[in-house]
1. Out of Glu20, Glu91, Glu7, report the one residue that is under 30 Å from Phe155 (Cα atoms), under 37 Å from the mean Cα position of the chain (by Cα) and open to solvent by 60 Å² or more (accessible area, probe 1.4 Å).
2. Give me a count of the residues in segment 21-54 that are in a strand (DSSP E or B) and either touching a residue at least 12 places away in the same chain (Cβ under 8 Å) or closer than 30 Å to Ala92 by Cβ (or both).
3. Determine whether segment 115-126 contains at least one residue that is in a loop (DSSP other than H, G, I, E, B) and open to solvent by less than 90 Å² (accessible area, probe 1.4 Å).
4. What is the residue count in segment 34-54 for residues that are surrounded by fewer than 17 Cβ atoms within 10 Å (Cβ to Cβ), farther than 25 Å from Lys86 by Cα and not β-branched (Val, Ile, Thr)?
5. Which ones in segment 136-186 are at pLDDT below 95, in contact with a Phe, Trp or Tyr (Cβ under 8 Å, 6 or more places away or on another chain) and in a strand (DSSP E or B)?
6. Counting only residues that are out of contact with any helix residue (DSSP H, G or I) (no Cβ under 8 Å at 6 or more places or on another chain) and farther than 22 Å from Lys165 by Cβ, how many does segment 123-154 have?
7. Kindly indicate whether His51 is touching a Lys or Arg at 6+ places or on another chain (Cβ under 7 Å), closer than 21 Å to Lys24 by Cβ and at pLDDT 95 or above.
8. Residues of segment 4-30 being within 26 Å of Lys87 (Cβ to Cβ) and either among the β-branched types (Val, Ile, Thr) or touching a His at 6+ places or on another chain (Cβ under 8 Å) (or both), which ones?
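The values are calculated or read from the model by the stated rules, or taken from the named source; none is laboratory data. Everything quoted here is computed from the prediction, not taken from an experiment. A quick note on method: Cβ atoms are made from the backbone with ideal geometry, for glycine too, and the neighbour counts reach across all protein chains shown. Note: accessible area is taken over every heavy atom of the protein model, side chains too, but ligands, DNA and RNA are not part of it. Shrake-Rupley method; radii C 1.70, N 1.55, O 1.52, S 1.80 Å.
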Amino acid sequence: MELPRTEPDYNAISKMVDEEFVCKHTHKTIRKKLAADGAISIWHQCDRCGHKVGIAIKKATLTPAQVEALPVWNTKLESGFYAQKKKRFDEAFAADKKRCADVWQRAYEQYLQTPEWKRKRQLAMLRAQGICEGCREVEATDVHHYSYDDVGHEFIFQLVALCRKCHERLHGRIPGVVSSQPQTPV
């Protein structure tokens, strides 16, 4: 059985956010931009994304008083725009990550009902002789995947027979007991 992806499609989310943040530069302000050497250039700056719009405006078309009165280039517009874009990407990525985990979990639960899984589970229990391979003290009731990477195509050696307490400990679900294993969808 093939289980769905557990990770969102980074490129698709990036493309979606890029499309949401296309700027048509409908509102712009003429501003003076100061170079490191003190030179002044004059541009239209988009009030939404902070980018230069069009070509530079010739200073000769303005009086010195008009140039002096122009607002200075707003560097915060562009950084703010990209911060909003990054926030939107992070939100979309997190939402899709949760969706992928939910879809994977449902597929995994369905897999656990298949004859294929039941046979593999039985073989892992037979290997352990019905005794927990974690504590070797009580009856094994659960079969744990060492890794979820191969679910649906796992080898029997990737499975371990455990009692409920050892299984919960392995997943870090017992208060005060921290699992050294990274948390994976269960």
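1. Going through Glu20, Glu91, Glu7 in turn, the sole match is Glu7.
2. Kept after step one, since they are in a strand (DSSP E or B), are these residues of segment 21-54: 28-34, 40-46, 52-54.
If we keep only those that are either touching a residue at least 12 places away in the same chain (Cβ under 8 Å) or closer than 30 Å to Ala92 by Cβ (or both) as well, we get 28-34, 40-46, 52-53.
Number of matching residues: 16.
3. Within segment 115-126, none of the residues are in a loop (DSSP other than H, G, I, E, B) and open to solvent by less than 90 Å² (accessible area, probe 1.4 Å).
4. Number of matching residues: 8.
5. none
6. Of the residues in that region, 2 qualify.
7. For His51, the condition - touching a Lys or Arg at 6+ places or on another chain (Cβ under 7 Å), closer than 21 Å to Lys24 by Cβ and at pLDDT 95 or above - is not met.
8. Thr6, Ile13, Val17, Val22, Cys23, His25, Thr26, Lys28, Thr29
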